[in-house]
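Chemist: Here it is, the structure in full.
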Amino acid sequence: MGGGTSLRWRIAILVSAAIAISYLDRQTLPVAVKAISNDIPLSNEQFSTLQSAFLFAYATMYAGGGKIVDLLGTRHGFTAVMIFWSLACASHALATGFVMLAISRLLLGLGEGGGFPAATRVVAEWFPAKERATAMGIINAGTAVGAVVAPPLIAFVLGFTNWRWNFLLTGGFGLLWVAWWTLSYFAPGEASGQMPGGINTGPPLPVDPSKRFPWIRLFRLRETWGLMTAKFLSDAAWFFYLFWFPKYLYDARGFDIRAVGMFAWMPGAAAGVGCLVGGAFSSYLVRRQFSLGVARKLALGVARKLALGASAVMMPLAILVPHVRASWAIALFCIAYFGQQSWSTLVMVLPTDLFPRGVVGSVAGLVGFGGAMGGIAFGQLVGYLLDHGFGYGAVFAIAGTFHIAAFLIILAAVPVLSPLDLQRNLRYQGAQ
């Protein structure tokens, strides 16, 4: 039992490393954008379009990638998407103009879109319900590691060579991870639905492929739409903070690449704390014999006041960013990153608690699709507002409201958090 427990947490760290690499890859362009602009001039709207290209492909593959992972299995599915996105990241080094950068961003999004659905499936395969939020917190903390490493690493590399080498380096990290994953990972007890040490994965779907639950029918469930809509709103803010933070420091605060390398890692570190606090707090409540619904929702509710406050009440503090001195602005970004990632950890684990393991990857993919589409919609609006004289004040004022609305939507769409009987829920909701 002890060995099985140790193995589960090693697997969580392994997957967390993949997520860290994905965030390092996607952050390379935003952090290096000033150096890139010396060779390939970019307006705010063009910068938004580059991120939208990434997010559009990311959204599409997040939805489809979840289904692919369900069909191929976690081991082979994760291997395929990691190789693809690593090569796509390296392809940025070949860009000579805006169009080629956009194509590379599109390809990177196609690859990375399969990452979190695969990670969610790992959690469903290996962890009991009482440990899933903690496991997802560890995995989601990989986003923070990538965000922390990116600014100083990219600034360091730019100090010795040009921006193209950053993409070759970060792409190479992904290929090294593939070797680690191939040697380390296996999927336990898929056919029986029982994990080592008596871990129950929830109600399994039929193994016969002809009896698999049709993917399209997930759209008839209130819970699916609720999670997708909440993710649309919260990730609209998150992708803005993630992609625009370095550019904001360059454009609005006058930072150079050295200053960005010195300070832009701090919100990423706060995000890592948020991931761990959000997941650990919810898992603590489950271990204290609260029902899953009470634990998750209490964790989300307390977000208005305590550890998850940045995902509700604290999130509007971001509105103050353009109106305070630079040191305070960075502190406010730290609060926003902390709150977003504590929130995200809990939202990402909800599909593992609600849905049978056979469709967890698909549901996680749809939820991620909603988040990426929110990032596209708001990102394009940000570029338009900045290029038409509205300034960052208007942008932060909008972004600061999204998490509160998302929290209310989750409360309405998932009033009771317990494993769903899909056939029964469809009959019930169809009768209403």
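Chemist: Taking interchain pairs and intrachain pairs at least six residues apart, which have beta carbon atoms under 7 angstrom, with the first residue in segment 88-108 and at pLDDT below 90 and assigned to a helix (DSSP H, G or I) and the second surrounded by fewer than 16 Cβ atoms within 10 Å (Cβ to Cβ) and of a type in the set (Ser, Thr, Tyr)?
Modeler: Once the first residue is at pLDDT below 90 and assigned to a helix (DSSP H, G or I) and sits in segment 88-108, no partner that is surrounded by fewer than 16 Cβ atoms within 10 Å (Cβ to Cβ) and of a type in the set (Ser, Thr, Tyr) comes close enough.
Chemist: In the list Val99, Val123, which residue meets the criterion of being on the phi < 0 side of the Ramachandran plot and out of contact with any helix residue (DSSP H, G or I) (no Cβ under 9 Å at 6 or more places or on another chain)?
Modeler: Every option except Val99 fails the conditions.
Chemist: To continue, here is another question. Within segment 101-111, identify whether any single residue is within 21 Å of Met228 (Cα to Cα), out of contact with any Cys (no Cβ under 8 Å at 6 or more places or on another chain), open to solvent by 10 Å² or more (accessible area, probe 1.4 Å) and of a type in the set (A, V, I, L, M, F, W, C), and answer yes or no.
Modeler: Within segment 101-111, one or more residues are within 21 Å of Met228 (Cα to Cα), out of contact with any Cys (no Cβ under 8 Å at 6 or more places or on another chain), open to solvent by 10 Å² or more (accessible area, probe 1.4 Å) and of a type in the set (A, V, I, L, M, F, W, C).
So that you can scan it fast, the table gives a plain yes or no per residue for (1) out of contact with any Leu (no Cβ under 7 Å at 6 or more places or on another chain); (2) at pLDDT 90 or above; (3) surrounded by fewer than 17 Cβ atoms within 10 Å (Cβ to Cβ); (4) of a type outside the set (S, T, N, Q):
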| site | (1), (2), (3), (4) |
| --- | --- |
| Leu175 | yes, yes, yes, yes |
| Ala187 | yes, no, yes, yes |
| Arg222 | yes, no, yes, yes |
| Ala236 | yes, yes, no, yes |
| Leu242 | yes, no, no, yes |
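Chemist: Considering segment 360-391 alone, what residues qualify as being in contact (Cβ under 8 Å) with a residue 24 or more places away in the chain and surrounded by fewer than 18 Cβ atoms within 10 Å (Cβ to Cβ)? Explain how you work it out, then say what you get.
Modeler: Restricting attention to segment 360-391, the residues satisfying the condition of being in contact (Cβ under 8 Å) with a residue 24 or more places away in the chain are 360-380, 382-384, 386-387, 391.
Residues satisfying the conditions are Ala377, Gln380, Tyr384, Asp387, Gly391.
Chemist: Further question on the same structure: For Ala406, only one of the following conditions fails: (1) in a helix (DSSP H, G or I); (2) open to solvent by 10 Å² or more (accessible area, probe 1.4 Å). What is its number?
Modeler: Tallying (1) in a helix (DSSP H, G or I); (2) open to solvent by 10 Å² or more (accessible area, probe 1.4 Å), Ala406 fails exactly one: (2).
Chemist: I would also like to ask the following. Going by what's in this entry, would Gly73 be described as in contact (Cβ under 8 Å) with a residue 12 or more places away in the chain, farther than 28 Å from Ser37 by Cα and not aromatic (Phe, Trp, Tyr)?
Modeler: yes
Chemist: List the residue pairs whose Cβ atoms are under 9 Å apart, where the first residue sits in segment 29-47 and is of a type in the set (Lys, Arg), the second is open to solvent by 10 Å² or more (accessible area, probe 1.4 Å) and part of a helix (DSSP H, G or I), and the two are 6 or more positions apart or on different chains.
Modeler: Listed pairs, sorted by first residue: Lys34/Lys247; Lys34/Tyr250; Lys34/Ile257.
The values are calculated or read from the model by the stated rules, or taken from the named source; none is laboratory data. Treat the numbers as computed from the prediction; the structure is a model and nothing was measured. Here the Cβ is made from the backbone with ideal geometry for all residues, glycine too, and neighbour counts use every protein chain on show. Accessible surface areas use protein heavy atoms only, side chains included; no ligands, DNA or RNA. Shrake-Rupley method; radii C 1.70, N 1.55, O 1.52, S 1.80 Å.
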